[in-house]
Structure formats: C-alpha cells, structure tokens
Amino acid sequence: MKKFFKYYFLFFEKFYPDPFIFVLILTIITILLGSFLTENSIIDMVYYWGNSFWDLLSFSMQMVLILVTGGALAESPPLKRIIKKISSLNLSQEFFIVFTSIFSMILAFFNWGLSLIASALLVKEIGKSFKEKNKYINYPLLCASAYTGLLVWHGGLSGSAPLTCATKGHFLESKIGVINISETIFSIKNILLWFLFVIFLPLFIFLLSKIKISKIKIECEIPELEEKEEEKKPFSFFLNILENSFIFPALFFLIFLINIFYIIKKGEFSLNLNTLNFIFLFAGLFLHFSPHSYLKATFNSVKASTGIIIQFPFYAGIMGMMKYSGLINVFSRFFVSFSVPENFPFYTFISAGIVNLFIPSGGGQWAVQGPVMIEAAKILGVPFSKVIMAIAYGDEWTNMVQPFWALPILGITRVKVQELVPYTLFFLIISFIFFTLILFN
C-alpha cells in the first residue's frame, strides 16, 4: 500500500499540469471537440472563443475582490488574534485537518465564497503555527480539507440552480414554474446528503492524515510573500491624521451599516458575492482602524489573485464555445438517449460532472445545460426538482479535479495544484458513492 501511495503522489507531481496549462489544454480540446462533434468548423469555434473571452470580467473582479477583501479582513488585528488562537491550540494535525473540513462544509452550506476564503485563511495560520513549533503537518491535505466545501455548496443556500428556480421570473419559469427550495435545498434527501458528507468525509480524511509517504514533499512549507517596502514620506501632521486615524474607518462603517439596514428594511437583502465583498471590505477597513493599515494588508492578497485575473477569461472563452457551438447539447443529449425515468437523475448528474470541467461556473452551467435536461425530464416524466439537484450535484462533484475554484485557495495557501489534487481526487471517488445513493433513492 505504501508503494502505491508513493507512485500515486509521484504521478501527480510529475504529470499534472499547472492550472494555467490546464485551461490552455482544455481550450484546445473544446475547439477540437466542437469541430468534430458539431457542424462548426475550427474557425467557427475560434470565433466563439474570442467573442466570449471577456464575458466573465464582472465575475472575475468579484472573485479578485473576495480574495483581497477576505484576506485583508483576516489580517485585521482582532480577527488575526482569533485565528491565531485557534491555530495555536496544542492539538494534533489530525484534529486540525478534520476540523478544517467540517468548518469548510458548514460554511459552504450558507455561502460558498465565505467557505472558500475563511477556510483558506484558517489553513494558512494553522500551517504557520505548526511550522513555528517545528511540528509535522500534511499541509496539502489540510488545504484539500479546506476545499471540501466546494463539494457541497450547490446544495446549500448559495446554490445557483435551486435559487434561480425558486426566483419569480427566472428564465425557465414558463416551462417549470417556480420550484420552492423546500423541494430542492431543504428536501430530506439533500439534507441527508449534506449530513453524510459532514460525518463520513472527515472520517475518510482522518484516515488519509495517518499516511506518511517517504520522499514525497508533504511537509508544511509555506513560502512567504515579499512585503513591499514602504516609501518614506516627509512627516506631515495633516497626512498622518488622514492616513492613520480611525476617523475614516468609523465614518464609512457607519455609512455601510445605514445602507445595509435600509436594504434589509426594503426586503432587498441577499447574501451574494457583491454583498459578501461589501461586508468584507467595510468590516476589514473598520477592524484595521486606519486606511493605511488596511491598504497595506491588501498587498499580499492582490499578488495571490494573479491566477484568477489571467485564467478566468480563458474559461469564459470555453463557456462561449460550449454554448454557441451546441457542444453542450451534444453531451447532454448523449446521456438522455439511453435514459429511463429511474436512472435519468443519475445520468444527468454524470453529464453535469463532465460539463463542469468545461463550464465550472454553477450559474453559467445551469443557464446552458438546464434547458436541455428540463426538456428531457418533461418527456420522461421526471420531477423537475430532481433534475435541478442532479445538475447541482454534478457541478460540485467534479470541482474536486477542476482547478478553477481552487485558485483562491492556491493563491492564499501557496500550495501547488499538483499537491492538492491527489487528495481531492480521493474525495471525488468517495463522494460518488454518496451522490449515487441519494440519486437512486
């Protein structure tokens, strides 16, 4: 068994590409698949790619901001003390690895963005604490545990597909009506699935944490980002008041609170990415006690967001090719062709898992795959709520091997994707059992 693990980890270290190379390869594969499986030429596919390349600019900025504002918030003196207190507890690596997974999945039920950033920041501090104590910890497994929230998020309160279908006026309302979240997110099966993950996945992770592989780098290594040297300015009493006083943080936090209370009063509040960034930004500014301290805290997080800035446009191009070439319909209809009512949710789940490799955005995937699968469900007489959740499960399932959502964690923790995926692939295999049990019952 030890020999198997040795070569297993070695394989990923030598052959699994960097996330940027991964998206470049995926782009070429999509161009070729579109030209072979649809009536489009390679030129057509390249046109769709270029025409969609900037479609995720708004979303990319949201993701950069959630990393930057979340990182700055965690660097604030009060929160830093809390995180350091937790990470410095004199407990075993097994405890922290299991705790991180449970922490990540609980937060993900409420909001995937909060889970992703908070878990990554906790991991970084735990890693630092173990390094300072000169104690062993399987740091890549700790990071992989922080990523388990992305395995349950789409069945939670920020799930794109179920929330879209529960909203009046959604784009499929004329076909399926409004599907209440009591039939999707709060269905007995979905809640049971979440409990299965929270109980049994950490147990499996605990067993993984017991494995020590010689000659494989799994020690805690956290490269420190270079601090930018501050430019010395001539002393100015006026500038010192503006930059280092609590006046602006307090004033703008008050403005922020007034805005939030007004939105809640009007019934317009929802915990989405913009709201989360809004909260992170002004809470961070307030807890840093000065504009200068807050700006300084954002520096490392900005550097860590490089992968998101560069890679998200490529995924937008892939999404465009999948949508406009009809390639998404080819994948979906292939599974529909041999489905019956009993196995249709399962095959929907498998097809959604494959599509997620090309369209890793949950909302984007539902927009392009949802109509095809809903039409098939109508013909087969399968409840729409089952199809919605099957697509949601497929989307979150293959997140474990798709580095798109791992980019913020990789940026914050500085772990390599080649160290992360060997563990998340195990999660993909184990979770398949849980998903199958729910989908066939």
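Checked against (1) under 25 Å from the mean Cα position of the chain (by Cα); (2) more than 30 Å from L91 (Cα to Cα); (3) modelled with pLDDT of 90 or more, L157 passes all but condition (3). Filtered by the rule that a residue be buried (at least 20 other Cβ atoms within 10 Å of the Cβ), over 17 Å from F280 (Cβ atoms) and out of contact with any Gly (no Cβ under 6 Å at 6 or more places or on another chain), the range 99-111 gives T100, S101, F103.
Going by the structure shown, is G267 touching a Gly at 6+ places or on another chain (Cβ under 9 Å) and either buried (at least 20 other Cβ atoms within 10 Å of the Cβ) or without any contact (Cβ under 8 Å) to a residue 40 or more places away in the chain (or both)?
Considered against the rule, which asks whether it is touching a Gly at 6+ places or on another chain (Cβ under 9 Å) and either buried (at least 20 other Cβ atoms within 10 Å of the Cβ) or without any contact (Cβ under 8 Å) to a residue 40 or more places away in the chain (or both), G267 comes out as no.
When the range 309-338 is filtered for residues that are open to solvent by less than 40 Å² (accessible area, probe 1.4 Å) and outside any helix (DSSP H, G or I), the ones remaining, listed by number, are S325, G326. Applying the criterion of being touching a residue at least 24 places away in the same chain (Cβ under 8 Å), more than 13 Å from M319 (Cα to Cα) and aliphatic (A, V, I, L, M) to the residues of the range 1-46, the residue that is most open to solvent (accessible area, probe 1.4 Å) is L37. Against the list (1) part of a loop (DSSP other than H, G, I, E, B); (2) more than 21 Å from N399 (Cβ to Cβ); (3) not aromatic (F, W, Y), the condition I185 fails is (2). So is L114 assigned to a helix (DSSP H, G or I) and either open to solvent by 30 Å² or more (accessible area, probe 1.4 Å) or among the β-branched types (V, I, T) (or both) or not? Yes, satisfied.
Look at the range 423-441 and say how many of its residues are under 25 Å from F12 (Cα atoms) and surrounded by fewer than 22 Cβ atoms within 10 Å (Cβ to Cβ).
Matching residues across the range 423-441 total 7.
Taking the listed residues K303, K233, K265, the one that is of a type in the set (K, R) and modelled with pLDDT under 75 is K233, with no other qualifying. Given the criteria at pLDDT 65 or above, closer than 30 Å to Q418 by Cβ and open to solvent by 60 Å² or more (accessible area, probe 1.4 Å), does F206 qualify? For F206, the condition - at pLDDT 65 or above, closer than 30 Å to Q418 by Cβ and open to solvent by 60 Å² or more (accessible area, probe 1.4 Å) - is met.
Among the numbered conditions (1) assigned to a helix (DSSP H, G or I); (2) without any contact (Cβ under 8 Å) to a residue 40 or more places away in the chain, the only one that G149 does not meet is (2). K131 falls short of the stated requirement of being assigned to a loop (DSSP other than H, G, I, E, B), open to solvent by 10 Å² or more (accessible area, probe 1.4 Å) and modelled with pLDDT under 90. Of the residues making up the range 353-403, those that are within 18 Å of G149 (Cβ to Cβ), under 16 Å from the mean Cα position of the chain (by Cα), hydrophobic (A, V, I, L, M, F, W, C) and crowded, with 21+ Cβ neighbours inside 10 Å are A392, W397, M400. Only a single criterion out of (1) touching a Gly at 6+ places or on another chain (Cβ under 6 Å); (2) open to solvent by less than 60 Å² (accessible area, probe 1.4 Å) is not satisfied by W49, namely (2). Within the range 165-187, if we keep just the residues that are touching a residue at least 24 places away in the same chain (Cβ under 8 Å) and among the hydroxyl-bearing types (S, T, Y), the residue that is least open to solvent (accessible area, probe 1.4 Å) turns out to be T184.
The values are calculated or read from the model by the stated rules, or taken from the named source; none is laboratory data. Note that the structure is predicted; figures quoted are calculated from it, not measured. We place every Cβ from the backbone using ideal geometry, glycine too, and count neighbours over all the protein chains shown. Calculation scope for accessible area: heavy atoms of the full protein, side chains included, ligands and nucleic acids excluded. Shrake-Rupley method; radii C 1.70, N 1.55, O 1.52, S 1.80 Å.
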